[in-house]
1. Among residues belonging to region 29-45 that are closer than 20 Å to Phe108 by Cβ and aliphatic (A, V, I, L, M), point out the one that is modelled with the highest pLDDT.
2. Quick one: which of Ile66, Ile45, Ile100 is closer than 23 Å to Lys156 by Cβ and touching a residue at least 24 places away in the same chain (Cβ under 8 Å)?
3. Against the condition over 22 Å from Gly190 (Cα atoms), of a type outside the set (Asp, Glu) and crowded, with 17+ Cβ neighbours inside 10 Å, how does Arg67 come out, does it pass?
4. I'd like to verify a number: residues in region 113-125 that are surrounded by 12 or more Cβ atoms within 10 Å (Cβ to Cβ) and touching a residue at least 24 places away in the same chain (Cβ under 8 Å), how many?
5. What residue, among those in region 218-236 that are acidic (Asp, Glu) and touching a residue at least 12 places away in the same chain (Cβ under 8 Å), is surrounded by the most Cβ atoms within 10 Å (Cβ to Cβ)?
6. Within region 48-97, which residues are more than 15 Å from Asn133 (Cβ to Cβ) and basic (Lys, Arg)?
7. Inspect all residues belonging to region 75-85 and state whether any of them is assigned to a strand (DSSP E or B) and surrounded by fewer than 23 Cβ atoms within 10 Å (Cβ to Cβ).
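The values are calculated or read from the model by the stated rules, or taken from the named source; none is laboratory data. Just so you know, these numbers come straight off a predicted model, no measurement behind them. Cβ sites come from the backbone with ideal geometry, for glycine too, and all protein chains shown count toward neighbours.
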Amino acid sequence: MSFAIKNLHLLIIFLGIITIFGTLKTFALERQENLSDLDYFDGKIAKVVDGDTVHVLSADNEKAKIRMAGIDAPESNFNNRSQGTCAKMAANYLAQLLPINTKVRVYFSNPKYDSYGRVLGYVVKKKSNLDINYEMVRAGYATAYYIYPNTTNMFKYLAAMRNAVSKQIGVYNPSAQMNNFPFEFRLIIGDNDPSRYVGNIETNKLYPPKEYKKVPSYLRLFFDNEDDALSEGFSR
């Protein structure tokens, strides 16, 4: 085998190894679940609480509190504090989308419940098959907000947020007066420091909690601990 051919073979092997490692690094983000992969239940809207929370009456006549997954809307009442105009805008838009008695299908997120016992779910309007969570982000009335292991439709939602931010629509319009993202508002009111690691879904770079601003808002995937992020291919 000539020297040139041998080097060519080595180059092909090297490029193959890089390709394999590159695939492994992004695998976690490529295997997002779709709504059709998730468990669900049917019901009808009983109440719109704010821009990301609704009450749904199930077919068994049981009321479930739904914290809409993959999104975060301005706070209407967090420790008796509100984000004001932007919170009202978000709640009003969700109420327009989901009048009382609207028939919906609620898909369980991963995990299925939050620390308050609320269902973490994606709300889909049965008549039109409209993903209400996505519509809130698309129209600019909620931010995309993903906390691992939930990655359902993550790229789609974050891309919609990026577009809304760029166009300054909904709560991103200066007139909405959203001075902090909802999670930042909760940290400020609760007098807490950031506690979640944040990964950049484009670069797969991981940042410690207090450096979350180094990742553009529309590229963030939050992790409760560093080990989960590292296991999914993110690196410091």
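1. So the first thing to find is which residues in region 29-45 are closer than 20 Å to Phe108 by Cβ, and the list is 31-45.
Filter again for aliphatic (A, V, I, L, M), leaving 35, 38, 45.
On the way: Leu35: 85, Leu38: 90, Ile45: 98.
Of everything passing the filter in region 29-45, Ile45 is modelled with the highest pLDDT.
2. Numbers: Ile45 fails: closer than 23 Å to Lys156 by Cβ; Ile100 fails: closer than 23 Å to Lys156 by Cβ.
Selected residue: Ile66, the only one of Ile66, Ile45, Ile100 that is closer than 23 Å to Lys156 by Cβ and touching a residue at least 24 places away in the same chain (Cβ under 8 Å).
3. No, not satisfied.
4. 9
5. Here the answer is Glu232.
6. Those that are more than 15 Å from Asn133 (Cβ to Cβ) and basic (Lys, Arg): Lys63, Lys65, Arg81, Lys88.
7. Yes, region 75-85 has at least one match.
This table checks each residue for (1) polar (S, T, N, Q); (2) at pLDDT 95 or above; (3) more than 25 Å from Gly233 (Cβ to Cβ).
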residue	(1), (2), (3)
Asp191	no, yes, yes
Pro194	no, yes, no
Val198	no, yes, no
Thr203	yes, yes, no
